[in-house]
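The next block holds one structure in the form of structure tokens; read it before the comments.
Taken together, the values in this text are just the output of simple stated rules run on the coordinates, not laboratory data. These numbers come from a predicted model, not from an experiment. Ideal geometry is used to build each Cβ from the backbone, glycine not excepted, and the neighbour counts take in all protein chains shown.
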Amino acid sequence: MNPPNQTEEDALRTIKELNTLSADIETINNEISLAENLLQKINDTEKVNVEDLQIFGLTQQSPTTLKLRLRGILSTKRSKLSELKKNYNNDLQLLQDLKKCPACQGKGTITKVSYTRDERIITPITKTEQCSNCTGTGEASLSSHVKTLINSFTRANLT
């Protein structure tokens with residue numbers, strides 16, 4: 001088995017980071033849901049579970065104080081969630097870009113310009129050729145294992 005090239009290493013590192021971000025996003029979503037439920041219970045003057053408050057480092061306090069603290073926590077969590085989602089989407093785009101051939105940027109063809117000189121006129125001649133790096137596929141040179149990981153990861157995130 002050949003050692004991974006730089007693109008494969010970048011892809012594997014990005015997949016690992018996406019998995020971490022995905023877990024963090026799920027955790028933050030759960031915390032937001034719990035904080036919203038606690039806030040709703042307080043608004044409905046229901047009894048609040050002390051263990052649930054302790055998750056956020058809170059103790060039993062007046063309803064007004066708890067509402068203010070929970071709103072602050074929710075604001076912070078939502079801000080963090082937004083940042084995590086932005087990073088997640090950036091990494092997902094990076095993963096898509098890593099699949100592309102670096103020579104032709106995924107087009108499969110390369111455009112070359114040459115010039116002919118005829119008396120006083122210089123004429124550009126544009127030719128489109130099949131990319132010799134990827135033989136026209138537009139895909140980066142990746143092992144089948146890494147391609148499978150990327151494809152399964154990106155398919156899972158499109159649904």
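Computed values, structure above
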{"read-out": "Pairs, first of a type in the set (D, E, K, R) in the stretch 111-126, second not in a loop (DSSP other than H, G, I, E, B), C-beta under 6 Å, six or more apart", "value": "Lys112/Lys127"}
{"read-out": "Conditions (1) in contact with a helix residue (DSSP H, G or I) (Cβ under 9 Å, 6 or more places away or on another chain); (2) touching a residue at least 40 places away in the same chain (Cβ under 8 Å): number failed by Gln105", "value": "(2)"}
{"read-out": "Count of the stretch 75-103 residues which are more than 30 Å from Leu149 (Cα to Cα) and either crowded, with 17+ Cβ neighbours inside 10 Å or touching a Phe, Trp or Tyr at 6+ places or on another chain (Cβ under 7 Å) (or both)", "value": "1"}
{"read-out": "Subset of the stretch 19-54 that is under 30 Å from Asp91 (Cα atoms) and aliphatic (A, V, I, L, M) - its residue that is surrounded by the most Cβ atoms within 10 Å (Cβ to Cβ)", "value": "Ala35"}
{"read-out": "Boolean, Lys127 is of a type in the set (Lys, Arg), surrounded by fewer than 12 Cβ atoms within 10 Å (Cβ to Cβ) and in contact with a Lys or Arg (Cβ under 7 Å, 6 or more places away or on another chain)", "value": "yes"}
